[in-house]
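Below is one structure, written out as structure tokens, with a few remarks after it.
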Amino acid sequence: MNYGLFFALLGAALAVGVAGMGSAKGVGIASEAAAGVITEEPDKFGKLLVLQLLPGTQGLYGLIISVMVLLNVGILGGTAPESAVQGLTYLAACLPMAIGGYFSAASQGRVCVTGVHIVAKRPEESSKAIVSASLVELYALLAFIVSFLMVINIGA
């Protein structure tokens, strides 16, 4: 058995799976809050859609990191890791995106819920709600950048 490949694939699975769980949680709670507003005021759908979508970006970042690993380890291209240590290196490179993606998406979902409440009462203030939710996105981007830089430099 190639333990290096196993650890690399585990890292790819965690990057997409854990970040995706956070995104699902964040999008879910924001969408639940938005659904209540939309049933009473359907014209606010467009303003609320952005707040529902924002926590979903972390899952996409995790997918990108996962595909990059798969491109490097012989699944979608490249060659399989030569050692368990190299596989563990891929696993370590995926952890910032997995962990940072989960927590930032879940937190961003909660901020989006408060944004939904703002839009429900004062739709003209939707941009402030979106900016507040976007501040949390910074930490997802930092996790993505760190994972990205580590993955592209493994074996370099």
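Taking THR39, is it among the polar types (S, T, N, Q) and crowded, with 17+ Cβ neighbours inside 10 Å?
For THR39, the condition - among the polar types (S, T, N, Q) and crowded, with 17+ Cβ neighbours inside 10 Å - is not met.
The residues on offer are ALA15, ALA92, and the sole one that is crowded, with 17+ Cβ neighbours inside 10 Å and either modelled with pLDDT of 95 or more or not aliphatic (A, V, I, L, M) (or both) is ALA15. The number of residues in region 105-134 that are without any contact (Cβ under 8 Å) to a residue 24 or more places away in the chain and in a helix (DSSP H, G or I) comes to 9. Any residue in region 77-100 that is touching a Pro at 6+ places or on another chain (Cβ under 8 Å) and closer than 15 Å to THR57 by Cβ? So far as region 77-100 goes, no, none of its residues is touching a Pro at 6+ places or on another chain (Cβ under 8 Å) and closer than 15 Å to THR57 by Cβ. Against the numbered list (1) surrounded by 15 or more Cβ atoms within 10 Å (Cβ to Cβ); (2) in contact with a helix residue (DSSP H, G or I) (Cβ under 7 Å, 6 or more places away or on another chain), GLU125 comes up short only at (1).
Summed over region 6-59, residues that are under 23 Å from PHE103 (Cα atoms) and among the basic types (Lys, Arg) total 1. Considering the conditions (1) out of contact with any Asp or Glu (no Cβ under 7 Å at 6 or more places or on another chain); (2) surrounded by fewer than 23 Cβ atoms within 10 Å (Cβ to Cβ); (3) modelled with pLDDT of 95 or more, GLY46 is excluded by exactly one of them, (3). Exactly one residue among GLY62, GLY26, GLY11 is under 30 Å from GLU124 (Cβ atoms) and of a type outside the set (D, E, K, R), and that residue is GLY26.
The values are calculated or read from the model by the stated rules, or taken from the named source; none is laboratory data. Keep in mind that what you see is a predicted model, and the values were worked out from it rather than measured. Positions of Cβ are generated from backbone atoms using ideal geometry, with glycine treated the same way; all protein chains shown enter the neighbour counts.
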